[in-house]
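Participant: Sharing a structure below in structure tokens format, with a few things to ask.
The values are calculated or read from the model by the stated rules, or taken from the named source; none is laboratory data. These numbers were taken from a predicted model, which means no experiment stands behind them. Here the Cβ is made from the backbone with ideal geometry for all residues, glycine too, and neighbour counts use every protein chain on show. Ligands, DNA and RNA are stripped out before the accessible areas are found, and what is left, the full protein with its side chains, is counted by its heavy atoms. Shrake-Rupley method; radii C 1.70, N 1.55, O 1.52, S 1.80 Å.
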Amino acid sequence: MPRYMLLLYSPSADEAQQAEREAELPLWNELTESLREAGLLVSTDRLHPVERATTVRVRDDELELTDGPFAVTKEVLGGYYLLDCADLDEALKHAARLPLARYGSVEVRPIMDIDSIPTP
């Protein structure tokens with residue numbers, strides 16, 4: 001069955017907005033459990049805030065480490081779901097169920113089967 005990564009992006013939140021989002025935790029738990037029971041959930045995790053990120057680049061054989069995310073954006077990657085779905089339509093259906101879709105965005109991206117890539 002194809003796998004799809006649902007990348008969860010949302011705008012930064014002040015304390016009041018964050019409290020509203022945290023109040024949705026029962027909705028998240030219910031959704032996660034329904035995906036698990038349906039046999040679709042491969043993995044899911046919440047990420048630490050972007051302030052904890054470190055970006056790695058190698059330029060001209062020199063290692064560059066930068067504290068923070070790879071780019072400054074209005075939305076930050078906050079977590080992900082990795083699902084086994086029959087097709088893209090099913091993955092999109094589940095992405096729309098995520099509470100975050102109401103105030104952020106969910107990027108749905110198919111996972112490439114590394115074994116299907118031709119080698120030279």
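Participant: What distance in nm lies between label points placed 7 Å from Cα along the C-beta direction at residue 9 and residue 61?
Facilitator: 3.6 nm
Participant: Probe radius 1.4 Å, ligands and nucleic acids ignored: give me the carbon and sulfur share of the accessible area of the chain as a rounded percent.
Facilitator: 54 percent
Participant: At 0.36 nm per residue, and after removing the present C-alpha to C-alpha distance, how many nm does the segment from residue 29 to residue 113 gain when stretched out fully?
Facilitator: Working: separation 84, 0.36 × 84 = 30.24 nm, distance 2.90 nm.
Gain in length upon complete extension: 27.3 nm.
Participant: Normalising by the residue count of the chain, find the relative contact order in percent from Cα pairs under 8 Å and 6+ residues apart.
Facilitator: Details: 168 pairs, mean separation 56.8, N = 120.
For the chain, the relative contact order is 47 percent.
Participant: Follow-up question, since we're still on this one. Of (i) 7.4; (ii) 8.9; (iii) 10.0, which one was derived for mean projected area of the Cα convex hull in nm² from the structure shown?
Facilitator: (iii)
Participant: Send over a whole-number figure in Å² for the accessible area per residue of the chain, probe 1.4 Å.
Facilitator: On the way: 8630 Å² over 120 residues.
Heavy-atom accessible area per residue stands at 72 Å².
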